[in-house]
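Asker: Got a structure for you, questions after.
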Amino acid sequence: MLQLKSFKHQQKGAAAIEFSLFFILLFILFYGLVSFFMPFLLKNHYEQIASNLVKEAIATPGSELGSLSEEKHAELEQKIQARATQYVKQSALPDHWKQPCQGYGNNYIKKAGQSYSACVAHPNADKLMPSLKLPLLKDATGKQQWISLPDIPKELRGEAIILR
């Protein structure tokens, strides 16, 4: 009887320790899954926005006209840019996550010949989630190696081109 009571006393708190170790592993797994899929979901969303922007550009009244005067052409481009900006502002992402890509100036759409292209980007995608650093094995020189989760690229962007 004394041995059984002593055994119970030795096991006190073991469940809490096991739970804490298990929780740490589950948290790392969950964080890894979320941080792995978030860039894919954002890139998909950016590509969907860009695709809809070029569709909006060719659906703008007057965009189907052939040769336009310089004044009418500039007016049409302003209308297309205004519709594009309005569409991007209505999307579900925060405003500072929806920036025009490099090479587009302050616009989301540009026209080159008979094509429209649209691009939406997150310029600092690597700052979206805090990085979780996990230790790996030591290398041949004895220096500790680390892995960062998530490994997100510097820029996430969605780009679409449509030919008329």
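Asker: Give a residue-ordered list of calculated ³J(HN,Hα) values for segment 12-27 (Karplus: 6.51 cos²θ - 1.76 cosθ + 1.60, θ = phi - 60°; whole Hz; x for Gly, Pro).
Answerer: Each residue's phi maps through the Karplus curve to give 5, x, 5, 5, 5, 5, 4, 5, 5, 5, 5, 4, 4, 5, 5, 5 Hz.
Asker: Extension gain Glu155-Gln48, at 0.36 nm per residue separation less the Cα-Cα distance, in nm? Before the final figure, lay out each step's value.
Answerer: Numbers: separation 107, 0.36 × 107 = 38.52 nm, distance 1.65 nm.
That works out to 36.9 nm of additional length.
Asker: State, to one decimal in nm, how far the label point of Gln86 lies from the label point of Leu26, with both points 7 Å from Cα in the Cβ direction.
Answerer: With each label point 7 Å from Cα toward Cβ, the separation is 4.9 nm.
Asker: Obtain the nm distance between the two label points defined at Leu128 and Val34 by a simple spin-label model: each point lies 7 Å from its Cα along the Cα-to-C-beta direction.
Answerer: 1.3
Asker: For Gln11 and Ile58, compute 0.36 nm times the residue count separating them, minus their Cα-Cα distance, and round to one decimal in nm.
Answerer: 9.7 nm is the gain from fully extending Gln11 to Ile58.
Asker: Find the eigenvalues of the gyration tensor of the Cα atoms of the chain, then list the square roots of 5 times those eigenvalues as equivalent ellipsoid semi-axes, largest first, in whole angstrom. Write out the running numbers ahead of the final one.
Answerer: On the way: eigenvalues 627, 63, 21 Å².
Each semi-axis is √(5λ); the values are 56, 18, 10 Å.
Asker: Using each residue's phi in segment 104-110, evaluate 6.51 cos²θ - 1.76 cosθ + 1.60 at θ = phi - 60° and report the 3J(HN,Hα) Karplus result to the nearest Hz, with x for Gly and Pro.
Answerer: 9, x, 9, 10, 8, 10, 9
Asker: Rolling a 1.4 angstrom probe over the protein heavy atoms, how many square angstrom per residue are accessible across the chain?
Answerer: Spelled out: the 1.4 Å probe surface of the chain, per residue, equals 71 Å².
Asker: Now for a different question. Okay, helix-only estimate at 222 nm for the chain: each DSSP H run of n ≥ 4 adds -39500 (n - 2.57), divide by all residues, round to 500 deg cm²/dmol; what do you get?
Answerer: Estimated from H runs of four or more residues: -16500 deg cm²/dmol.
Asker: Test of understanding: what is the full-extension gain from Ile162 to Trp146, defined as 0.36 nm times their sequence separation minus their Cα-Cα distance?
Answerer: Using 0.36 nm per residue and subtracting the Cα-Cα distance, I get 1.4 nm.
Asker: For the chain, build the charge dipole from Cβ charges (+1 Lys, Arg; -1 Asp, Glu) around the Cα centre, then report which of Ser117, Gln11, Gly62 sits farthest towards its positive end.
Answerer: Value computed over the given set: Gln11.
Asker: Further question on the same structure: Per the 1.4 Å probe, what fraction of the accessible area of the chain, in percent, lies on carbon and sulfur atoms?
Answerer: The C+S portion of the solvent-accessible surface of the chain is 62 percent.
Asker: Show me 56-62, 23-29, 11-17 ranked by packing, highest mean number of other Cβ atoms within 10 Å first.
Answerer: Details: 56-62: 16.0, 23-29: 10.4, 11-17: 8.7.
Answer by packing, highest mean first, reads 56-62, 23-29, 11-17.
The values are calculated or read from the model by the stated rules, or taken from the named source; none is laboratory data. Predicted model only: the values in this text are computed from it and were never measured. Glycine gets a Cβ as well: all are built from the backbone with ideal geometry, and neighbour counts include every protein chain shown. All accessible areas refer to the heavy atoms of the entire protein, side chains included, with ligands and DNA or RNA removed. Shrake-Rupley method; radii C 1.70, N 1.55, O 1.52, S 1.80 Å.
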